[in-house]
Every structure is written in C-alpha cells, then in structure tokens.
Amino acid sequence: IAGASLGLSWAMNGAIMRKEMDERLAAKLATAGCCFINYGLETASHRVLAGCGKTLSRDADFDRVVRSTADAGIEVALNIMFGLPGETDDDFEEQLSFLRRNHRHISTIAPSLWFCYFPKGSEGFRHPGKYGIDLELGSLYWKSADGANDYLARMKRFVRYTDLMQELGVKSLFGFPALPNK
C-alpha cells in the first residue's frame with residue numbers, strides 16, 4: 001500500500017500490541033496511510049493478561065508501542081477494562097502509572113462500561129473455575145472466588161480511571177467522564 005501511493009487514509013480497531021511493533025513498523029503504517037489505531041490493551045499488566053489467556057501481547061513494551069505509534073503521526077486510542085480476573089490493586093496502580101506516563105501520546109480512551117464481563121460463549125463463562133470467578137450473580141455482576149473483585153470494586157476502579165483521564169485531558173470515546181448509570 002505504501003509503495004502504491006494510493007492516497008488512502010485508514011484506521012485499525014482492536015489492534016493487539018505486539019513486541020514487533022516498533023518505530024520502523026509505525027513509520028511504515030503511517031506511510032501506507034494509517035491515521036488511527038485503537039489498541040485493545042485492556043490492561044497494562046502482562047501478568048493479568050497472561051492469567052486471562054491473552055498471550056499475543058507477551059513481551060510487548062506497551063510504552064514503546066504507544067509512543068512509536070504517536071511519534072509516527074498515527075492517532076492512538078486504547079480500550080481499557082477493569083477488574084479482569086486476578087487483577088490486584090497493584091496491577092490497577094500499574095495501569096494508572098502507564099496512563100500517566102503516556103497520556104500525551106493517547107488521543108482517546110474507550111473504557112469498558114461493563115468493566116469486565118463474561119457473555120455466554122466466552123471462555124470465562126464456560127470455565128469460571130479456571131479463572132477463579134463465581135458467576136452466581138450473572139456474567140456482569142460476577143465476583144472473584146475470594147470476593148475481593150466484585151462489581152463495586154470494578155466500578156470504583158472505573159471511576160478512579162475516568163477521573164484521572166479527565167484530569168490529564170484525555171478524551172473518552174463515550175463523551176462523558178463518569179459512569180452514567182451507577
């Protein structure tokens with residue numbers, strides 16, 4: 001595409017951050033007309049991602065990917081989830097630290113209004129024990145087996161996150177800074 005000089009502008013949605021994504025690849029994407037990438041980051045914690053079976057981002061340097069993409073002139077958006085199975089307070093603080101370091105390179109966030117849920121057919125819905133979750137209250141209001149991660153804990157993280165993004169001036173895809181239906 002880059003060599004054809006087609007004059008196209010295009011975007012990617014739900015892209016996975018990979019270790020191979022560096023300055024050189026970002027420059028190639030920009031030359032090919034890529035103007036926007038929405039990364040399905042979900043969390044900046046590699047430990048949590050691995051625990052959920054999300055291994056395609058293994059060894060990716062999330063900071064480098066975000067900065068390389070933005071430095072190439074490509075707009076960066078992130079999908080974020082809250083309270084993934086196994087997420088601790090330390091993991092959430094890691095997420096907030098990542099966002100503080102990189103907010104100048106992020107144009108838009110897309111925080112999951114459902115925080116983290118397990119619809120029918122998902123791996124978590126089919127095998128809740130594997131992920132240490134209890135679905136007795138449903139796929140949205142689930143709680144961790146130890147009770148530390150429940151809907152209210154996820155909501156508190158969502159509010160802290162959206163408050164921080166508003167403070168840092170990062171636009172929310174949903175156009176409002178807080179959960180409208182608490």
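The values are calculated or read from the model by the stated rules, or taken from the named source; none is laboratory data. Computed from a prediction, not measured in an experiment: that's the story for all the values here. Don't worry about glycine lacking a Cβ; one is built from the backbone with ideal geometry, like all the others, and counts go over all protein chains shown. Heavy atoms of the whole protein, side chains included, go into the accessibility calculation; ligands, DNA and RNA do not. Shrake-Rupley method; radii C 1.70, N 1.55, O 1.52, S 1.80 Å.
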Q: Can you tell me the dipole magnitude for region 1-131 around its Cα centre, using point charges on the Cβ only (Lys, Arg +1; Asp, Glu -1), in Debye to the nearest 20?
A: 360 debye
**Q.** Accessible carbon and sulfur surface of the chain relative to its total accessible area, %, 1.4 Å
**A.** 53 percent
Q. Non-local amide H neighbours of ASN79 (under 5 Å, H modeled in plane, Pro and chain starts lacking H): which ones?
A. TYR39, GLY40, LEU41, GLU42, ALA110
(Q) For the chain, what does the relative contact order come out to in percent, with C-alpha contacts under 8 Å and a separation of six or more? (A) 19 percent
Q. Lysine pairs in region 1-156 8 or more apart or on different chains: how many have alpha carbons under 18 angstrom apart?
A. 7
(Q) Rounded to the nearest 10 Å², what accessible area does HIS105 have for a 1.4 Å probe in the complete protein model? (A) 50 Å²
Q | Heavy atoms of ARG67 accessible to a 1.4 Å probe, total area in Å² rounded to 10 | A | 90 Å²
Q: Select one label from [x] 10.9; [y] 11.8; [z] 9.7: the one whose number is mean projected area of the Cα convex hull in nm² as derived from the coordinates shown.
A: [x]
(Q) With every protein chain kept in place and ligands, DNA and RNA left out, what is the accessible area per residue of region 78-177? Probe 1.4 Å, answer in Å². (A) 52 Å²
Q. Between ARG64 and ASP134, what is the spin-label point distance in nm, taking each point 7 Å from the Cα along the Cα→C-beta axis?
A. 4.2 nm
Q) Given a 1.4 Å probe and the protein chains all in place, what does the accessible area of CYS34 round to, in Å² to the nearest 10? A) 10 Å²
**Q.** Residue order for LYS130, LYS143, LYS28 - accessible surface, 1.4 angstrom probe, largest first
**A.** LYS130, LYS28, LYS143
